[in-house]
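The values are calculated or read from the model by the stated rules, or taken from the named source; none is laboratory data. The shown structure was predicted, so the numbers you read here are calculated from the model rather than taken from an experiment. Cβ placement follows ideal geometry from the backbone for every residue including glycine, while neighbour counts extend to all protein chains displayed.
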Amino acid sequence: MITDVREAWQEMVEAQRAFNATWPSAVVHAQVWLLPINKEPKGQTIITPMELVGEPAIEAAKKAILQFEQEEGQHPSTVMRLPGWIGVSQSVLEYAREANAARDRFLEVLAQETASMNLKSLSKGKHLRSILKLPIVIKQIERHIQVFEGVPRRILFTWAGKTAAPESIPVKDVIEKIETQLADAVAKADMDKERNLRLELKALGFLDAKAELHRYRPIAPHPRVMLYFSKSPRYDAMPHANLPIFVSLDEKQPWPRVDALEEFDAENAQAERSDKVPRQEIIPRLGLYLKTAPDRKRSPRTARGDSTAVTRALVSSTYQKR
């Protein structure tokens, strides 16, 4: 199975190289923003993007598409991002789909490998790094290249991560994590830590293993992009801005209005969520609570990842293909 992982890795890398060999010759315009590498596990409070246009933007995009390893100084729990947009004069959609499919195939092979070895989910990244002998960041593999075969009237870049995101976690996953930490504490003869972890497991023992705990997971600031194809005031697509997006562009036709990515300042970005629910503290150290009220229903119109808008705009794309 390790051989399968290595072969899938090589196939994935070659697929990204093949994609990079197709699109640069079709570029009409390229604009990206370099973001500083995060050296700490927590989100940065000030992020100042550096704009690149033209050939430097193309070279940065080619590098980002192939970048699955940590940069020097990058904290292992963080990711590299290169928001931006690239206008092309001919279709690169099928090439992008092939590159994305290769990413998905690699992740599937890795999942099969970790399942066959009965590895805990927390060990997947560590196991992959030991196989390839490279400082791999799995989240940089999981992202897709986004291509839209249409000319948007507007491309809006902004920041997300102003609030903590609500998250439900199965009790069994929490138990697995604490048991892993407990085994480490026992091995190191850390009696204080061992005692506290056993108390946490005891608290969880009163809950059904299928139950779910609740926490507000801090979201690190990250760029996002909204595309407007139709005449609707609502955006038609909001893919992740981890990599530059590709759109159709004709030098002789009107170009989209582009709202550039500006500086992120945490002090000016704080906001309280309106959907917090009553909760009972269970594991304070991990910020885990038991919800004491049912979730509020979300309106279909405001649900994240609305895939109907791009369909309405009749734009072929890789969006919502995951």
* Structure fact -> Counting only strands (runs of 3 or more DSSP E) wholly inside region 1-111, the ones holding at least 1 residues that are of a type in the set (D, E, K, R) are 50-53
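Can you name the residue in region 18-54 that is free of Cβ contacts under 8 Å to residues at least 60 places away in the same chain and surrounded by 13 or more Cβ atoms within 10 Å (Cβ to Cβ) and, of all such residues, is nearest to V247 (Cα to Cα)?
First, pick out the residues of region 18-54 that are free of Cβ contacts under 8 Å to residues at least 60 places away in the same chain: 20-21, 24-25, 34, 36-37, 39-41, 50, 52-54.
Retained after the next criterion (residues that are surrounded by 13 or more Cβ atoms within 10 Å (Cβ to Cβ)): 20, 24, 34, 37, 52.
Numbers: N20: 15, P24: 13, L34: 20, I37: 27, L52: 18 Å.
By that ranking, first place goes to P24.
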* Structure fact -> Sole miss for F206 among (1) out of contact with any Phe, Trp or Tyr (no Cβ under 7 Å at 6 or more places or on another chain); (2) touching a residue at least 60 places away in the same chain (Cβ under 8 Å); (3) assigned to a loop (DSSP other than H, G, I, E, B) is condition (2)
* To do: Tell me which of these H75 doesn't satisfy, since it passes every other one: (1) under 30 Å from Q10 (Cβ atoms); (2) buried (at least 16 other Cβ atoms within 10 Å of the Cβ).
  => (2)
* How many residues does region 194-222 hold that are touching a helix residue (DSSP H, G or I) at 6+ places or on another chain (Cβ under 8 Å) and closer than 30 Å to Q44 by Cβ? -> 3
* Structure fact -> Only unsatisfied item for E51, checking (1) over 19 Å from Q146 (Cβ atoms); (2) modelled with pLDDT under 95, is (2)
* Asked: Say we look at region 1-17 and pick out the residues that are of a type in the set (A, V, I, L, M, F, W, C) and under 23 Å from I245 (Cβ atoms); which of these is surrounded by the fewest Cβ atoms within 10 Å (Cβ to Cβ)?
  -> V13
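Here is a list: V32, V53, V5, V27. Which entry is touching a helix residue (DSSP H, G or I) at 6+ places or on another chain (Cβ under 7 Å) and either closer than 16 Å to L82 by Cα or of a type in the set (D, E, K, R) (or both)? Quick ask: steps written out before the conclusion?
Values: V53 fails: touching a helix residue (DSSP H, G or I) at 6+ places or on another chain (Cβ under 7 Å); V5 fails: either closer than 16 Å to L82 by Cα or of a type in the set (D, E, K, R) (or both); V27 fails: either closer than 16 Å to L82 by Cα or of a type in the set (D, E, K, R) (or both).
Being touching a helix residue (DSSP H, G or I) at 6+ places or on another chain (Cβ under 7 Å) and either closer than 16 Å to L82 by Cα or of a type in the set (D, E, K, R) (or both) holds for just one of V32, V53, V5, V27, which is V32.
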* How many residues are of a type in the set (G, A, S) and closer than 30 Å to W23 by Cα when one looks only at region 93-133? -> 4
* Only one of (1) farther than 19 Å from R224 by Cβ; (2) over 18 Å from the mean Cα position of the chain (by Cα); (3) surrounded by fewer than 20 Cβ atoms within 10 Å (Cβ to Cβ); (4) touching a residue at least 40 places away in the same chain (Cβ under 8 Å) fails for V88. Which number is that? -> (3)
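Let's see how each residue does on (1) crowded, with 16+ Cβ neighbours inside 10 Å; (2) out of contact with any Ser or Thr (no Cβ under 7 Å at 6 or more places or on another chain); (3) among the hydroxyl-bearing types (S, T, Y); (4) modelled with pLDDT of 95 or more:
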site	(1), (2), (3), (4)
V92	yes, no, no, yes
Y95	yes, no, yes, yes
S116	no, yes, yes, no
L119	no, yes, no, no
L128	yes, yes, no, no
I131	yes, yes, no, no
L134	no, yes, no, no
W159	yes, yes, no, no
T163	yes, yes, yes, no
* To do: Please work out which one of (1) part of a loop (DSSP other than H, G, I, E, B); (2) closer than 20 Å to I2 by Cβ is the condition I145 fails and give its number.
  => (2)
* **Which numbered condition H214 fails, given (1) surrounded by 14 or more Cβ atoms within 10 Å (Cβ to Cβ); (2) part of a helix (DSSP H, G or I)** => (2)
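Taking the conditions exactly as written (of a type in the set (K, R) and at pLDDT below 85), does R257 satisfy them or not? Even if it seems obvious, please write down each step before you answer.
Values: of a type in the set (K, R): yes; at pLDDT below 85: no.
For R257, the condition - of a type in the set (K, R) and at pLDDT below 85 - is not met.
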